[in-house]
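Worksheet for the structure shown next.
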């Protein structure tokens, strides 16, 4: 028996932030990052809380790749302040931090009824509707995915007003994160009719609107579309989970601080080739790996249909590489200038072990071996 459910109530479209005016809470903690506060974006939130006569405090000690020690500080703040609800405002790091803080605060304290409202300021992670959170052990350079239904926000507010000032580089990284979420959920061994429908729509929107949002940040139609696509992809992988792409990307983020969406984008052509065994197949082969049919469907959604399965999957890989080039995303680790070749190569074995142990990898459509993961990492250096 399978199960599908959407646990989060979603508010979207123009003036979606006005949902804050009718919140049924008297005391909330706003968890966000320093940029949201310093840029003045936080006033879009606090103004509505003032209007509603809701008491609030702002906790902005959130950093990328949320480390365990920062989560601990947030838990302490929650237990001291004792709000009725948390409003998480920011990208994936802010929302993931808030999820982890809420989870641990309710486990070790007596804050049993603590609602979480997620307001994303980037169009990428889908964290506003998922039961996942990723935190980092900075000492061991390990990312730990947390998975529990209790991590799922009660509400998500999708307002494109919060993403119109996102710079092109982040629009590119987060947009490719959306595409990776959708593709991995689509080919996951746990995919189902519901997750497939959500993933297909997210893929279609990425094909039509990601470059538009990248070229013109003031194109609010494209911004809103990508904001919705991010949420759709989040709903898809919340049901179907992800795959090796994320398992490997988590290690690149933990070891070299490569932004998560960028790491996913760089890996994506390699993972599609691996999952479809595209470099081993010939036109005469009668049976392909299970992921091939799904990748062919995805390619068709992007208008990339070709004359047979393998050339169509190759067209999908080529299109993704075109997107990387068009949006100035590095193809290789060497191009990121985040590390030296010697340092990178010395970490491949341990990164491969961690990638295989990552919860996301378990639902990959092709079961990877350590030697294969190491080979993908090696190829990612400069090929």
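Read-outs: derived from the displayed coordinates by stated rules, not from any lab. Quick caveat: nothing in here was measured; it's all calculated off a predicted structure. Cβ: placed from backbone, ideal geometry, glycine included. Neighbour counts: every protein chain shown.
Couple of notes before you dig in:
- Its DSSP H runs of at least 4 residues, each contributing -39,500 (n - 2.57), put the calculated 222 nm mean residue ellipticity of the chain at -17000 deg cm²/dmol, to the nearest 500.
- Efficiency of FRET between residue 4 and residue 300 - r from beta-carbon atoms, R0 30 angstrom, step 0.05: 0.80
- Taking the fewest neighbouring Cβ atoms within 10 Å as the starting point, the ordered list for 177, 343, 33 is 343, 33, 177.
- Rounded to the nearest 5, the antiparallel percentage of DSSP beta bridges internal to region 9-162 is 20%.
- Taking every DSSP bridge with both residues inside the chain, close to 20 percent are antiparallel.
- Principal-axis analysis of the Cα atoms of the chain puts helix 193-215 at an angle of about 90° to the longest axis.
- Ranked by how many other beta carbons lie within 10 Å on average, peptides 139-147, 88-96 from highest: 88-96, 139-147
- Extension gain from residue 61 to residue 47, taking 0.36 nm per residue of separation minus the Cα-Cα distance: 3.0 nm
- Most fluctuating residue given options 325, 294, 70, as computed from a GNM of the chain linking Cα atoms under 10 Å: 325
- Of 239, 52, the sequence from fewest to most neighbouring Cβ atoms within 10 angstrom is 52, 239.
- Relative exposure of 201, 337, 26, judged by other C-beta atoms within 10 Å (fewest first): 337, 26, 201
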